[in-house]
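Next up is a structure, given as structure tokens.
The values are calculated or read from the model by the stated rules, or taken from the named source; none is laboratory data. As the structure is a prediction and not an experimental result, all values here were calculated from the model. We place every Cβ from the backbone using ideal geometry, glycine too, and count neighbours over all the protein chains shown. All accessible areas refer to the heavy atoms of the entire protein, side chains included, with ligands and DNA or RNA removed. Shrake-Rupley method; radii C 1.70, N 1.55, O 1.52, S 1.80 Å.
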Amino acid sequence: MQTLQTIIVFLIIFSIIVVIHEFGHYFFAKRAGILVREFAIGMGPKLFAKQGKDGTTYTLRMLPLGGYVRLAGLNEEEAIQPGMQVGLQLDAQDQVNVINTTERTEIDELPVQIDQLDLSNDMYIQAIPVGQVDPVRYNVSKTAQIIEADGTRVQVAPLESRYEAATVGQKIMTNFAGPMNNFILSIITFAIVGLLMPAVPNNSSEIGAVVENNPAAEAGMLAGDKIIEINQQSVSTWSEVVSMIQALPGQTVPVVVERSGEEIPLTIAVSGEPDGEAVGQIGIYAAQKTGLMDRLLYGFTATWGVIASVLSVIGGMFSKGFDINMFGGPVAMAEATSEVVDQGYTTILYFMAFLSTNLGIVNLLPIPALDGGKIVLNLIEAVRGKPLSQEKEGIITIIGVIFLFILMIAVTWNDISRVFF
């Protein structure tokens with residue numbers, strides 16, 4: 001029963017985070033005039049599909065693992081190629097309004113073999129009807145439907161409705177909107193958590209409590225002290241305190257605190273192994289606040305705290321080298337879910353906000369196939385005055401996909417080894 005509950009909670013959390021992410025791409029693509037061919041909830045075989053008046057097909061798919069959007073012209077393989085056998089339906093003006101690529105024949109359908117086609121600029125299909133020898137050219141309506149192999153109907157995409165026709169600014173905003181939505185979800189969810197908790201941490205560098213027999217207590221820190229300097233670097237927020245301490249495991253560092261208006265220098269031996277997996281800790285808690293505005297602002301402060309911690313870990317990769325243990329895949333996420341699922345809905349909401357922030361940051365990394373990689377290509381286009389060729393972008397994207405695939409396999413295997421062996 002516990003395992004089933006963990007799986008259900010994990011799928012709900014993951015699906016909410018991914019669908020909110022994809023909705024960001026969807027919304028700003030629509031604003032930019034880019035056709036969103038499909039907005040899918042879930043992955044795998046189609047269970048249900050409904051095409052809206054805006055030309056987008058909304059689908060529900062079998063595997064409840066997030067979702068995706070298909071933007072016309074962005075890393076998209078055309079469903080129709082020369083040599084294919086398809087069925088054409090014509091309207092009253094003899095324009096093609098349906099292109100059927102399935103084996104199921106529709107009513108009033110003309111079976112043809114595709115010879116040439118252009119469904120973005122000139123909007124035509126040149127094809128050889130069954131039983132004839134000479135090809136015939138058919139004009140294609142700009143709102144024509146394509147019935148794909150699994151029966152999903154999507155709309156053709158004339159050039160003006162494709163990703164490549166958008167301005168650089170519109171492309172950047174469309175690609176950035178997914179991570180942006182993750183940060184918005186995190187802020188809202190952390191704010192809800194703040195309202196549910198008895199009190200919320202104060203994001204100033206003031207200490208609320210000191211744990212006995214820990215480095216901070218041994219160094220002479222007291223509740224009410226305000227940390228103003230760590231390792232000769234100024235700090236003013238709790239996020240900065242946490243990220244700096246976590247980055248200094250096993251080191252003895254100078255710290256300056258403000259107590260009753262007086263600056264007091266201390267020396268603290270941070271716990272943790274310098275070359276180990278653990279992050280540095282000194283045994284202190286942030287001061288707490290109970291005001292309504294403080295609870296609402298917790299959405300922003302907690303989100304920034306997670307961002308600062310993740311960026312600190314990423315920065316550590318450049319100073320300490322790459323460590324596979326810094327990453328967690330689906331197995332690690334499922335394991336973490338099993339730990340929070342019994343701690344109540346407040347902890348589950350906190351976990352969801354934490355994961356949402358992480359997904360937003362990871363997607364902004366300048367790796368091809370991720371949103372950050374796409375934004376880099378957009379910036380290159382802005383500098384060059386024109387985009388890279390589709391062939392070059394395709395190669396770059398494939399390289400990114402291969403890299404992410406290898407990384408995911410390595411991370412998942414590392415998680416499995418850590419959990420089960």
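In whole angstrom, how long is each semi-axis of the equivalent ellipsoid of the range 218-303, when you take the square root of 5 times every eigenvalue of its Cα gyration tensor and sort them from largest down? Present the calculation step by step, with values, prior to reporting the outcome.
On the way: eigenvalues 110, 63, 22 Å².
Equivalent ellipsoid of the range 218-303: 23, 18, 11 Å, largest first.
To the nearest 10 degrees, how steeply does helix 330-340 sit against the main Cα axis of the chain, on a 0 to 90 scale?
Result, in degrees: 50.
Right, here's the next one. Could you order the peptides 308-314, 77-83 from most to least packed, using the average number of other C-beta atoms within 10 Å per residue?
On the way: 308-314: 16.6, 77-83: 11.4.
Top of the packing list down: 308-314, 77-83.
Please report, in whole Å³, the volume per residue of the convex hull around the C-alpha atoms of the range 113-172. The partial results should precede the final answer.
Details: hull volume 6.2 nm³, N = 60.
It comes to 103 Å³ per residue, whole-number rounded.
Still on this model: Check which residues have an amide H placed less than 5 Å from Ile367's amide H, if you skip close sequence neighbours.
Here the answer is Gly372, Gly373, since their amide H atoms fall under 5 Å of that of Ile367.
Continuing with this model, one more query. Quick one: which residues, 5+ away or cross-chain, put their amide H under 5 Å from the amide H of Val98? H built at 1.01 Å from N.
Gln89, Gln145
Using a 1.4 angstrom probe on heavy atoms only, work out the carbon and sulfur share of the accessible area of the chain in %.
On the way: 13420 of 22100 Å².
In the chain, the share of accessible area belonging to carbon and sulfur is 61 percent.
Please report the orientation-averaged projected area of the chain, defined via the convex hull of its C-alpha atoms, in nm².
Numbers: hull surface 105.5 nm².
Seen from a random direction, the Cα hull of the chain projects 26.4 nm² on average.
Assuming a ≥ b ≥ c are the square roots of the Cα gyration tensor eigenvalues, decide whether the range 71-153 counts as rounded (a/c under 1.5), prolate (otherwise, with a/b larger than b/c) or oblate.
Judged from the Cα gyration tensor, the range 71-153 comes out rounded (a/c under 1.5).
Considering only the other residues whose Cβ falls under 13 Å of the Cβ of Pro265, what net charge follows from Lys and Arg at +1 and Asp and Glu at -1? Before the final figure, lay out the partial values.
On the way: positive: Arg259; negative: Asp225, Glu229, Glu258, Glu262, Glu263.
Taking every other residue near Pro265 into account, the sum is -4.
Can you give the accessible area per residue of the chain, in Å², using a 1.4 Å probe?
Working: 22100 Å² over 421 residues.
Ligands and nucleic acids excluded, the result is 52 Å² per residue.
Give me the number: length gained by fully extending Glu160 to Glu109, i.e. 0.36 nm times residue separation minus the C-alpha to C-alpha distance, one decimal in nm. Please report the intermediate quantities before stating the final value.
Numbers: separation 51, 0.36 × 51 = 18.36 nm, distance 2.83 nm.
So the extension gain works out to 15.5 nm.
Tally Lys/Arg at +1 and Asp/Glu at -1 over every other residue whose Cβ is under 15 Å from the Cβ of Gly385; what's the total? Please report the intermediate quantities before stating the final value.
On the way: positive: Lys171, Arg384, Lys386; negative: Glu164, Glu381.
Charge balance near Gly385 sits at +1.
Quote the Stokes-Einstein diffusion coefficient, in whole µm² s⁻¹, for the range 115-211, based on the Kirkwood radius over alpha carbon pairs, a temperature of 4 °C and a viscosity of 1.567 mPa s.
Working: Rh = 19.3 Å.
In µm²/s, the coefficient is 67.
How many angstrom lie between the Cα centre of the range 116-175 and the Cα centre of the range 216-283?
61 Å
Still on this structure, please answer the following. What number, in nm² with one decimal, is the all-direction average of the projected area of the convex hull of the alpha-carbon atoms of the range 1-107? Could you put the intermediate results ahead of the total?
Numbers: hull surface 38.7 nm².
Convex hull of Cα atoms, orientation-averaged projection: 9.7 nm².
Please express the Cα-Cα pair-distance distribution P(r) of the range 45-201 as a list of whole percents, one per 5 Å bin, running from 0 to the bin with the greatest distance.
That works out to 2, 8, 13, 17, 16, 13, 9, 7, 5, 4, 3, 2, 2, 1, 0, 0, in percent per bin.
Output the direction-averaged projected area (hull surface divided by four) of the convex hull of the alpha-carbon atoms of the range 367-407, in nm². Don't jump to the answer; show the numbers that get you there.
Values: hull surface 10.2 nm².
Averaging across all directions leaves 2.6 nm² for the Cα convex hull.
Using a 1.4 angstrom probe on the protein heavy atoms only, could you order Thr3, Thr303 from most to least accessible area?
Working: Thr3 95, Thr303 5 Å².
So the residues, ranked largest to smallest area, are Thr3, Thr303.
With θ set to phi - 60°, apply the Karplus curve 6.51 cos²θ - 1.76 cosθ + 1.60 along the range 21-34 and write out the HN-Hα couplings as whole Hz, x wherever there is a Gly or Pro.
4, 5, 5, x, 4, 4, 5, 7, 5, 4, 5, 7, x, 7
Could you let me know the centre-to-centre spacing of the range 367-401 and the range 48-108, using Cα atoms, in angstrom?
Value for the Cα centre distance between the two parts: 26 Å.
Something else about it: Sequence neighbours fewer than 8 away in the same chain don't count; with that in mind, list the aspartates and glutamates whose C-alpha is under 15 Å from Lys142.
Reachable aspartates and glutamates: Asp54, Asp91, Asp94, Asp118, Asp122, Glu160.
Among the trypsin sites (Lys or Arg not before Pro) in the range 31-67, which ones are in a DSSP loop with at most 11 other Cβ atoms within 10 Å of the Cβ? Mind listing them?
Answer in residue order: Lys53.
Could you sort 213-220, 12-19 so that the peptide with the highest average Cβ count within 10 Å comes first and the rest follow in order? Intermediate results must be reported in sequence, preceding the final value.
Working: 213-220: 17.0, 12-19: 19.0.
Top to bottom by mean Cβ count within 10 Å: 12-19, 213-220.
Nearest 10 degrees, 0 to 90: what angle lies between the long axis of helix 345-363 and the longest principal axis of the chain (Cα atoms)?
Roughly 60 degrees between the two axes.
I'd like the orientation of helix 371-384 relative to the chain: the angle between its Cα long axis and the longest Cα principal axis, in ° from 0 to 90, rounded to 10.
It is inclined by approximately 70 degrees.
Something else: Quick one: dipole size for the chain, taken about the Cα centre, charges +1 on Lys/Arg Cβ and -1 on Asp/Glu Cβ, in debye to the nearest 20.
Details: 24 positive and 42 negative charges, 133 e Å.
It works out to roughly 640 debye.
Give the aspartates and glutamates whose C-alpha is closer than 12 Å to that of Lys50, dropping any in the same chain fewer than 8 places away, or say none.
The qualifying aspartates and glutamates are Glu38.
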